[in-house]
1. Output the residue which, of all residues in the range 453-499 that are within 20 Å of Ala48 (Cα to Cα), assigned to a loop (DSSP other than H, G, I, E, B) and assigned by TED's automatic domain parsing to the domain that holds Pro594, is farthest from the chain's Cα centre (by Cα).
2. Select from the range 285-304 the residues that are surrounded by fewer than 24 Cβ atoms within 10 Å (Cβ to Cβ) and within 14 Å of Gly356 (Cβ to Cβ) and list them in ascending order.
3. Please go through the range 521-565 and pick out each residue that is more than 19 Å from Asn633 (Cα to Cα) and hydroxyl-bearing (Ser, Thr, Tyr).
4. I'd like the full set of residues that are in contact with a strand residue (DSSP E or B) (Cβ under 9 Å, 6 or more places away or on another chain) and either surrounded by 13 or more Cβ atoms within 10 Å (Cβ to Cβ) or assigned to a strand (DSSP E or B) (or both), limited to the range 568-580.
5. Taking the stated definitions as given, is Pro450 in contact with an Asp or Glu (Cβ under 9 Å, 6 or more places away or on another chain), touching a residue at least 24 places away in the same chain (Cβ under 8 Å), outside the structural domain of Ile589 (by TED's automatic domain parsing) and not aliphatic (A, V, I, L, M)?
6. Where in the range 96-170 are there strands (runs of 3 or more DSSP E), lying wholly inside it, with at least 1 residues that are closer than 18 Å to Ala247 by Cα and not acidic (Asp, Glu)?
7. What tally of residues in the range 180-216 results from selecting those that are assigned to a helix (DSSP H, G or I), surrounded by 19 or more Cβ atoms within 10 Å (Cβ to Cβ), in contact with a strand residue (DSSP E or B) (Cβ under 6 Å, 6 or more places away or on another chain) and in contact (Cβ under 8 Å) with a residue 60 or more places away in the chain?
8. Which residue is surrounded by the fewest Cβ atoms within 10 Å (Cβ to Cβ), if the candidates are limited to the range 475-509 and must be more than 17 Å from Ala539 (Cα to Cα) and modelled with pLDDT under 95?
Amino acid sequence: MGLNLAAKIIKNHLLKGSLAAGSEICINIDQTLTQDSTGTMAYLQLEAMGVGQVKTKRSVAYIDHNMLQEGFENADDHKYIQTVAAKHGIYFSRPGNGICHQVHLERFGIPGQTLLGSDSHTPTGGGLGMLAIGAGGLDVAVAMGQGSYYLSMPEVMGIKLAGKLAPYVSGKDVILEVLKRLGVKGGVGRIIEYYGEGVKNLNVPQRATIANMGAELGATASVFPSDEITRLFLKAQRREADWLPFAADEDACYDENLEIDLDKIEPLAAAPHSPDNVVPISELAGKKVDQVAIGSCTNSSYQDLMTAAAILRGKSVPESVSLVISPGSRQVLNMLAQNGALSDLISAGARILECGCGPCIGMGQAPATGAVSIRTFNRNFFGRSGTKSAQVYLVSPETAAASALAGAFADPRGLGGPVVIEQPEVFEINDNMIIPPSKNPESVNVARGPNIKPFPLNANLPETVAGKVLLVAEGNITTDHIMPSNAKLLPFRSNIPYLSGFCLTPCDPDFPARAVENGGGFIVAGQNYGQGSSREHAALAPLYLKVRAVIAKSFARIHKANLINSGILPLVFENPEDYDRISLLDDLIIENAPEQVKTGLVVAKGGKGAEYQLLLEASENERAMLLQGGKINMIRNEHNKHNKHNKHNEH
């Protein structure tokens, strides 16, 4: 039996383990990326590891999240990242150069290589045939310092595509259809691999959109083959030398299969407040729209914005609609300016934002009270837009543009003749805002502003883990809930002591004070705890507040890894009904904790003789981390052992 594409890439990069699903593997990482919301912490951790030059083929630090500079904090973080990148062999993409995933697709992605990024939408690179994985900042720091990454070998789900998309139906509608079928947990523990004749009818930006929102499935990665379409995209980026044909074997097998006929897909929308709450646009037609936002790492490519411009050309949005557009990269913005499409957008009434994440992460453009906002973004979690009362829908650029003109949800298929945007033969190439690392790293002084604080470290797991239940949360709690990320808090991403005062406040405003008053304790939650962004702060802030364990029905992959990296126990109810037996401020105690962690079977005792059977679903390597209080401690201990061994041999 032949190998699927994901297995081929993993096999080519395998350092430890086997391709058996569920087994622990270690793979070589070719490339890494960070962005400024997670990057400051990742580079502080890189420095703490004592790393000189990075071990990857290419590492890039992007500035795309914290773009508003109302005070010194964001500018200080940018300067820190720029100088630490110069010192350690990392390329630096300056503010305004674009969103990390769009720029990386254009300028750095290479088929068949591995990419690890401290952003949950790193799988966008799968649109080029990369194995691109989102992870916490510490995992990325370790990959830069050691060139490797540990994970459980995922299952590979094959999605066979047939047919061709109808006019005004796009890649966004494809991934919304997948989310409709599989849900936000449907990709957990899986790589999603797309194959079949229908793939040939999708261009690279469409593939990247589909791979990007695999993150909303909870998937480890999504991957497309590297074919002639890929070659032509890289040739247009003047990077044809980076192209490599890469596809699954003809007799490849998959752990699970799904078939989708592209001909049958219609324009779709994800309704509030989840990306898998998907309905046809036809069911929403006529519903009033207040705000339309086009952009984000999901839909800000040249083709996306050229399509929107073509629909809007010569027309005006009504006075009731606020239309904002954020190009994904400076390359895209430059080309729109040169060919006149930018003028079409502006003339139609669009407000043009900086090339960055912007409203997708709640950094500006919050909707009005009770407004309906339709966005080409990837997440519509409650309150993420900055306005809790807003109703946020996720749609394609085609639907967004048509609806902006109508002032209400509109099926773009009613616009008439199709809009066809061909890929340019050559993209505009100007890399002068990508700064290579210093050729004299020893001469670089790393700049540290006063807002940059040390990150918290845990200690060895004690014999007894005890405390009160500080919070009982419902299911599908996101990292936006755990560590809010809005325009007011983003400037403090390098200041965990300050951020901890806002930890889990969307769930319970009293949580930080309760945690401090009780000297830490436990968090109890429902299913899929920690879905959404990869932000490591959602583990570091609870660590600072001395949270010792999170007990949940299930965990999202990246957040679970971040908890383990921080030395916080991620425990799963063996009997999910036990969730209903635990109340706020109950006392819990785990005795002989190290031995229980080693077995993976943990008993937590409560008051009045209550006992809760819990599972620690972790690899041997992860259990070692937990015993030593997290990944940094384990790395330091290994380093100290190595030094002692060398000194002993010298004598």
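The values are calculated or read from the model by the stated rules, or taken from the named source; none is laboratory data. None of the values given here were measured: they were computed from a predicted structure. When we count neighbours, we look across all protein chains shown, and the Cβ atoms used for this are built from the backbone with ideal geometry, even at glycine.
1. It comes out as Asn495.
2. None; the set is empty.
3. Of everything in the range 521-565, those that are more than 19 Å from Asn633 (Cα to Cα) and hydroxyl-bearing (Ser, Thr, Tyr) turn out to be Tyr529, Ser533, Ser534, Ser554.
4. Once the filter is applied, which keeps residues that are in contact with a strand residue (DSSP E or B) (Cβ under 9 Å, 6 or more places away or on another chain) and either surrounded by 13 or more Cβ atoms within 10 Å (Cβ to Cβ) or assigned to a strand (DSSP E or B) (or both), the range 568-580 yields Ile568, Leu569, Pro570, Leu571, Val572, Phe573, Glu574, Asp578, Tyr579.
5. Values: in contact with an Asp or Glu (Cβ under 9 Å, 6 or more places away or on another chain): yes; touching a residue at least 24 places away in the same chain (Cβ under 8 Å): yes; outside the structural domain of Ile589 (by TED's automatic domain parsing): yes; not aliphatic (A, V, I, L, M): yes.
Yes, satisfied.
6. Details: elements: 114-117, 131-134, 148-152, 155-162.
Output list reads 114-117, 131-134, 155-162.
7. The initial filter retains those residues of the range 180-216 that are assigned to a helix (DSSP H, G or I), namely 180-182, 197-201, 204-216.
Next cut, surrounded by 19 or more Cβ atoms within 10 Å (Cβ to Cβ) only: 182, 198-199, 204-216.
From what's left, in contact with a strand residue (DSSP E or B) (Cβ under 6 Å, 6 or more places away or on another chain): 198-199, 211, 214.
Narrowing further to those that are in contact (Cβ under 8 Å) with a residue 60 or more places away in the chain: 198, 211, 214.
So the count comes out to 3.
8. Lys488
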